[in-house]
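To keep things clear, I will list the structure first and then write my remarks on it.
The values are calculated or read from the model by the stated rules, or taken from the named source; none is laboratory data. The structure displayed is predicted, hence computed values, not measured ones. Here the Cβ is made from the backbone with ideal geometry for all residues, glycine too, and neighbour counts use every protein chain on show.
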Amino acid sequence: MNKRWGFAAVMLVILLAAYWAYSSRDGGEENSKDSVALPSKFGDTPQLITHREELQQFIGQKLMGAAGVYTNYKETDEAAETATGHETLSESAGLLMRYYALTGQKEAFDAVWSRAKETLAADYGFSYRYSPLHDKKYTVNAVVDDLRIIRALYEAETAFGSGGNYGREAARYGGLVYEHNVQGGKLYDFYDEAYGTTNDFLTLCYADFRSIRLLGAPSKDKRALEEGLLTIVSGGYLSDRFPFYETRYDYKLGKYSDHEGEINTIESLLTVLSLAEVDRERTASITYLKQAVEAGTLYGRYSRDGKPATDIQSTAAYAIAAMIGSTLGDQKLYRESMERMEQYRVEDPASPIAGGFGNPATEDVYSFDNLTALLAYAY
């Protein structure tokens, strides 16, 4: 072969290989169960498995009804502005579905998914909230929760195979996200079916990059959406001294905002986790997190300059920190975060909330704390 043409052929092969590698980073035009990133499984140790099973039992027996996981252990009149009592959330369905997929429990997964379709599924995606007491399905979704359910379905396809049509259903609901929550290349927090409109802003922790990569859309559209979101999320970084993130970005004003000058730790940690899942975490954030976990000083809210605004800590914050450790392959961060998280585990066998996470004196128990802890055990 002529040397010049031989060289050209080699270069063509290299360029084609590079193109396909780039195109397949987010799954290309088609979704594949192989594109689902799985955690490091650091939770697969005898003690943690035992505690995981006890928590799973507590949720199944004490924190769940016919409509799904209760928002709170205690009953209410289910009439507040935010979900309370035995109302159920799309957030809870997605967290529990991810847990059952990651732990290979097909029958349990199918039961949760069937219930979610019955009580939460809608023409626009998933209602964020359902009240069993009033048989009321709210006409608003929360895109972060829809994305989590979609991700859980792809994880189920990876775990259980394609026989359950998990991937097909994930693709359908992914299409609804693009139809209602993605407008003009921007991702919006919620879509209100009653008014046929979205809100005007993005809560930064709603930008679930790994789940967005699983959506059934042309690669160039997903890349454009991801790049725009990365610009917004990265721009919300506060500082190397306090390496957390702004709360939300107003598209119309082109400005970031927070809640009364305070930064919510759980929201910032979810942002760090989302970035870590696509290899875009900041070193300063991880260093800060490691130090706070080791010292046991990961507080619930901070001022914008990094001063604690409360002395309250939470199960969920340490659970998310553990997930970040697993995602990064950092076993020490995972182990220390789980040790901190388990400080809030109710050990007293005489307590009605034994095995769960809550306040044994008041019996205040929250679904998000318990379900994030359960998911952290599966990481």
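Yes or no, residue by residue, for (1) under 18 Å from the mean Cα position of the chain (by Cα); (2) in a loop (DSSP other than H, G, I, E, B); (3) on the phi > 0 side of the Ramachandran plot:
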| position | (1), (2), (3) |
| --- | --- |
| R115 | no, no, no |
| L133 | no, yes, no |
| L147 | yes, no, no |
| A159 | no, no, no |
| E169 | no, no, no |
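When the stretch 117-127 is limited to residues that are of a type outside the set (A, V, I, L, M) and outside any helix (DSSP H, G or I), the one that is surrounded by the fewest Cβ atoms within 10 Å (Cβ to Cβ) turns out to be D123. The set of residues in the stretch 177-196 that are hydroxyl-bearing (S, T, Y) and either touching a Ser or Thr at 6+ places or on another chain (Cβ under 7 Å) or closer than 20 Å to S257 by Cβ (or both) comprises Y188, Y191. Looking across the stretch 343-379, the residues that are within 26 Å of A37 (Cα to Cα), assigned to a helix (DSSP H, G or I) and not β-branched (V, I, T) come down to S367, F368, D369, N370, L371, A373, L374, L375, A376, Y377.
Taken over the stretch 137-147, the criterion of being surrounded by fewer than 23 Cβ atoms within 10 Å (Cβ to Cβ) and in contact (Cβ under 8 Å) with a residue 24 or more places away in the chain is satisfied by T139, V140. Could you say whether any residue in the stretch 259-280 is within 30 Å of K137 (Cα to Cα), free of Cβ contacts under 8 Å to residues at least 24 places away in the same chain and surrounded by fewer than 16 Cβ atoms within 10 Å (Cβ to Cβ)? Yes, the stretch 259-280 contains a residue that is within 30 Å of K137 (Cα to Cα), free of Cβ contacts under 8 Å to residues at least 24 places away in the same chain and surrounded by fewer than 16 Cβ atoms within 10 Å (Cβ to Cβ). Can you find a residue that is among the β-branched types (V, I, T) and outside any loop (DSSP other than H, G, I, E, B) anywhere in the stretch 234-253? Scanning the stretch 234-253 turns up no residue that is among the β-branched types (V, I, T) and outside any loop (DSSP other than H, G, I, E, B). Residues that are part of a strand (DSSP E or B), within 16 Å of the chain's Cα centre (by Cα) and either crowded, with 20+ Cβ neighbours inside 10 Å or not aromatic (F, W, Y) (or both) do occur in the stretch 194-208, at least one of them. Condition test on G174, is it over 18 Å from the mean Cα position of the chain (by Cα) and either at pLDDT below 95 or not hydroxyl-bearing (S, T, Y) (or both)? Considered against the rule, which asks whether it is over 18 Å from the mean Cα position of the chain (by Cα) and either at pLDDT below 95 or not hydroxyl-bearing (S, T, Y) (or both), G174 comes out as no.
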